Amino acid sequence: MEAAPAKVIQYFNGEKQNLIPLFQRPYTWGEDNWKTLWNDLMVQYDMGDTGTHFMGAIVSVPARSVPVGVSKYLIIDGQQRLTTVSLLLCVLRDCLDANSASRIQEVYLTNRFREPEDTLKFVPTQVDRDVYRAIALDRQVPENNKDVRMAAAYHFFRDKLLKGTDLNDDPIDISKVLTTLEQRLQVVMINLGEDDDPYLIFESLNFKGEPLTQADLVRNYLLMRFRHSISTGGEQERVHSKYWIPLEKRLKSDLPEFLRHYTMKDGDNIKQGGIYAAIKTKLKNMDATEAVEAEAQSMLRFGEFYARFLFPDQEETTSISECLENINELQVTTSYPLLLRLFDACQTGHLIDVELEKCLKLIESFVVRRAVCKIPTNSLNKLFIQLAKNFPEADHTKWLQRSLSSSRRFPKDAEFDIAFIKQPQYGSRITRFILCRLEQSFKHKETVDLSKVTIEHVMPQTMNQEWKDELGAEAEKIHNTWLDTFGNLTLTG
């Protein structure tokens, strides 16, 4: 690692290309940030030839180790500042005379006589790339729109240059602004070597932006494994587009929880904050990028299964969709690591649909029976993780029946019958589930909308005199014994 003070303009001098990694967030700076930079620039503008403004550290790492095209660097920290400086250069180009504009374009913004993918000296992340190319190369600036941050930044600085005043309320000398930017804005240039771990640096930096989620960290580390092939159409972009973007679109805010269950299917009990550490360890042990890509492909494939757990109507087989709907309604998310194993076995031909349906019904029955019999649920998480870890290659239904029944407290019919009749059930999530399933089993000619029904007591929670007379001398005992049992509960609505 090397660190030295430098003028920020050095990042735009010479034949090079600074790229924002795919895993970085889009351009997020807003008006407060732009005002701060502009005010700092104006202080230096007013001071003339004395003084400098320190903008902080910029951390970069070589992006390729072979001499192909221009030298490329990944910006690990400092993307918001470099993006803004680059946009300010574009504004200066468009506000100055032709000679100055040509110098800015050819010296700071582009690499002349290079292949199209090497033309720009600064390349933002994919989300911002088209807008930036339009501004920097085509000089086609989108209308001022707060939702398009780069366009908004361009118009902000353009207004300052053309309509603003300096600290003495005099019109802005635009050429002097360019000179100030070139000479007075300084950073600490931190260059990582080939042997430095860029992601370790990335993790340890004190970012001022929104905290990264566990899914963000996994994505970043995964893509950093392809940092030597970051050009357009390279491995990093291909892996990002082919696997990660579809996974994000499919699961959205459920992505972190999927990654947790995806890791747990291998038998590890992962806490909410331990997702990234577990997946990083797994990826770090993979020497070849082919293995890392295979893992990304696996995540997407299992993510497709997970989406069906969350949205059972996306399951094509009706009977399996109904089973998933039941598990979903029961909120048995602890079973998801095992479900991932079951659906994987089905897709790879080791388990047919009929057997998958039987396994799902076993899980449903196991959960419902335990709930009715008032068996605590705190052991289910470890149980399902253990089952996922010991998942067999064949005879899955028999194995699951045997595993759930052996010392796992899978209540038999006699125990369940007694609990169903005598145990208080009112207020339990399972109670609504069971009453709705009983209602459906009657197969009424007219469909009943069960989403709007409520659970009510037949014998009221507070007895009036008429009820006491009807029940007789032991009315109080009868009321206390049977009030919240299934026999005294009904659906209304």
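Which of the following residues is within 30 Å of residue 458 (Cβ to Cβ) and of a type in the set (S, T, N, Q): 381, 390, 326? Quick ask: steps written out before the conclusion?
Working: 381 fails: within 30 Å of residue 458 (Cβ to Cβ); 390 fails: within 30 Å of residue 458 (Cβ to Cβ).
Answer to the check: 326.
Which condition number in (1) within 30 Å of residue 349 (Cα to Cα); (2) over 40 Å from the mean Cα position of the chain (by Cα) is the one that residue 444 fails?
Only one criterion is unmet by residue 444, namely (1).
Scan the range 123-131 and give yes if some residue there is closer than 18 Å to residue 92 by Cβ and surrounded by 15 or more Cβ atoms within 10 Å (Cβ to Cβ), otherwise no.
No: the range 123-131 contains no residue that is closer than 18 Å to residue 92 by Cβ and surrounded by 15 or more Cβ atoms within 10 Å (Cβ to Cβ).
Report, by residue number, each residue of the range 252-300 that is within 20 Å of residue 335 (Cβ to Cβ) and in contact with a Leu (Cβ under 8 Å, 6 or more places away or on another chain).
254, 255, 258, 261, 262, 265, 275, 299
Sort through 122, 23, 54, 113 and tell me the only one that's at positive phi and aromatic (Phe, Trp, Tyr). Explain how you work it out, then say what you get.
Values: 122 fails: at positive phi; 23 fails: at positive phi; 54 fails: at positive phi.
After applying the criteria, what remains is 113.
Quick one: residue 289 ticks every box in (1) closer than 29 Å to residue 21 by Cβ; (2) in the same structural domain as residue 384 (by TED's automatic domain parsing); (3) among the polar types (S, T, N, Q) bar one, so which box is it?
Against the list (1) closer than 29 Å to residue 21 by Cβ; (2) in the same structural domain as residue 384 (by TED's automatic domain parsing); (3) among the polar types (S, T, N, Q), residue 289 comes up short only on (2).
Being assigned to a loop (DSSP other than H, G, I, E, B) and in contact (Cβ under 8 Å) with a residue 60 or more places away in the chain is the filter here, so list the residues in the range 186-196 that pass it.
Going through the range 186-196, the residues assigned to a loop (DSSP other than H, G, I, E, B) turn out to be 192-196.
Across the range 186-196, the qualifying residues are 192, 193, 194, 196.
Cβ-Cβ under 8 Å, sequence separation 6+ or interchain: first residue in the range 134-150 and farther than 21 Å from residue 81 by Cβ and without any contact (Cβ under 8 Å) to a residue 12 or more places away in the chain, partner in a loop (DSSP other than H, G, I, E, B) and of a type in the set (A, V, I, L, M, F, W, C). Which pairs?
134/141; 142/148
Is it the case that residue 265 is charged (D, E, K, R) and surrounded by 20 or more Cβ atoms within 10 Å (Cβ to Cβ)?
On the way: charged (D, E, K, R): yes; surrounded by 20 or more Cβ atoms within 10 Å (Cβ to Cβ): yes.
Taking the combined requirement at face value, the residue satisfies it.
Can you pull out the residues in the range 317-332 that are part of a helix (DSSP H, G or I), without any contact (Cβ under 8 Å) to a residue 60 or more places away in the chain and touching a helix residue (DSSP H, G or I) at 6+ places or on another chain (Cβ under 8 Å)?
Looking only at the range 317-332, we keep the residues that are part of a helix (DSSP H, G or I), and these are 318-330.
Next cut, without any contact (Cβ under 8 Å) to a residue 60 or more places away in the chain only: 318-325, 327-328.
319, 320, 321, 322, 323, 324, 325, 327, 328 - these are the residues of the range 317-332 that are part of a helix (DSSP H, G or I), without any contact (Cβ under 8 Å) to a residue 60 or more places away in the chain and touching a helix residue (DSSP H, G or I) at 6+ places or on another chain (Cβ under 8 Å).
Inside the range 369-391, can you point out the residues that are part of a helix (DSSP H, G or I) and surrounded by fewer than 20 Cβ atoms within 10 Å (Cβ to Cβ)? If you could, list the steps in order and put the result at the bottom.
Initially, the range 369-391 is screened for residues part of a helix (DSSP H, G or I), giving 369-372, 380-389.
Passing the criteria: 380, 381, 382, 383, 386, 389.
Is it the case that the range 186-195 has a residue that's more than 23 Å from the chain's Cα centre (by Cα), crowded, with 19+ Cβ neighbours inside 10 Å, modelled with pLDDT under 90 and among the aliphatic types (A, V, I, L, M)?
Step one: list which residues in the range 186-195 are more than 23 Å from the chain's Cα centre (by Cα), which gives 186-195.
Still in the running and crowded, with 19+ Cβ neighbours inside 10 Å: 187, 189-190, 192.
Then drop every residue that is not modelled with pLDDT under 90, which leaves 190, 192.
Okay, now just the ones that are also among the aliphatic types (A, V, I, L, M), so 190, 192.
The answer is yes, given that some residue of the range 186-195 is more than 23 Å from the chain's Cα centre (by Cα), crowded, with 19+ Cβ neighbours inside 10 Å, modelled with pLDDT under 90 and among the aliphatic types (A, V, I, L, M).
Given the range 112-185, what helices (runs of 4 or more DSSP H) lie entirely inside it while holding 2 or more residues that are assigned by TED's automatic domain parsing to the domain that holds residue 24 and over 23 Å from residue 79 (Cβ atoms)? Write out each step before concluding.
Working: elements: 126-136, 149-163, 174-184.
Correct list: 149-163, 174-184.
Pull out all pairs, ordered by first then second residue, where Cβ-Cβ is under 8 Å, the residues are six or more apart or on different chains, the first lies in the range 163-180 and is basic (Lys, Arg), and the second is surrounded by 13 or more Cβ atoms within 10 Å (Cβ to Cβ).
Matching pairs, first to second residue: 176/45.
Across the range 327-356, what is the total count of residues that are touching a Ser or Thr at 6+ places or on another chain (Cβ under 9 Å), surrounded by fewer than 17 Cβ atoms within 10 Å (Cβ to Cβ) and of a type in the set (Asp, Glu)?
Total meeting the criteria: 1.
Answer yes or no: is there a residue in the range 32-41 that is crowded, with 19+ Cβ neighbours inside 10 Å and more than 36 Å from the chain's Cα centre (by Cα).
Yes, the range 32-41 has at least one match.
How do the pairs read when you match residues in the range 413-433 that are within 19 Å of residue 450 (Cα to Cα) with residues anywhere that are loosely packed, with under 13 Cβ neighbours inside 10 Å, using Cβ under 7 Å and keeping only pairs 6 or more apart or on different chains?
The qualifying pairs are 429/331.
What strands (runs of 3 or more DSSP E) completely inside the range 1-111 contain at least 1 residues that are within 28 Å of residue 217 (Cα to Cα), in contact (Cβ under 8 Å) with a residue 60 or more places away in the chain and among the acidic types (Asp, Glu)?
Details: elements: 2-7, 16-19, 53-62, 71-77.
Because the criterion is at least 1 residues that are within 28 Å of residue 217 (Cα to Cα), in contact (Cβ under 8 Å) with a residue 60 or more places away in the chain and among the acidic types (Asp, Glu), the strands (runs of 3 or more DSSP E) in the range 1-111 that meet it are 2-7, 71-77.
Would you mention how many residues in the range 44-90 are hydrophobic (A, V, I, L, M, F, W, C) and loosely packed, with under 14 Cβ neighbours inside 10 Å? Let's see the steps before the verdict.
Pass one, the range 44-90, residues hydrophobic (A, V, I, L, M, F, W, C): 47, 54-55, 57-59, 61, 63, 66, 68, 70, 74-76, 82, 85, 87-90.
Still in the list and also loosely packed, with under 14 Cβ neighbours inside 10 Å: 54, 66, 68.
Total meeting the criteria: 3.
Check whether at least one residue in the range 255-266 is among the polar types (S, T, N, Q), modelled with pLDDT under 95 and closer than 22 Å to residue 392 by Cα, and report yes or no. I'd like the intermediate steps shown before the answer.
Of all residues in the range 255-266, those among the polar types (S, T, N, Q) come to 263.
Add one more test, that the residue is modelled with pLDDT under 95, and what stays is none.
Checked the range 255-266: no residue is among the polar types (S, T, N, Q), modelled with pLDDT under 95 and closer than 22 Å to residue 392 by Cα.
Out of everything in the range 91-121 that is among the basic types (Lys, Arg) and modelled with pLDDT of 95 or more, what residue ends up being nearest to the chain's Cα centre (by Cα)? Break it down stepwise before answering.
Step one: of the range 91-121, the residues among the basic types (Lys, Arg) are 93, 103, 112, 114, 121.
The next check asks that each one be modelled with pLDDT of 95 or more; those that pass are 93, 103, 121.
Working: 93: 38, 103: 42, 121: 30 Å.
Per the stated criteria, the residue is 121.
The values are calculated or read from the model by the stated rules, or taken from the named source; none is laboratory data. Note that the coordinates shown come from a computational prediction; the quantities given were computed from them, not determined experimentally. Ideal geometry is used to build each Cβ from the backbone, glycine not excepted, and the neighbour counts take in all protein chains shown.
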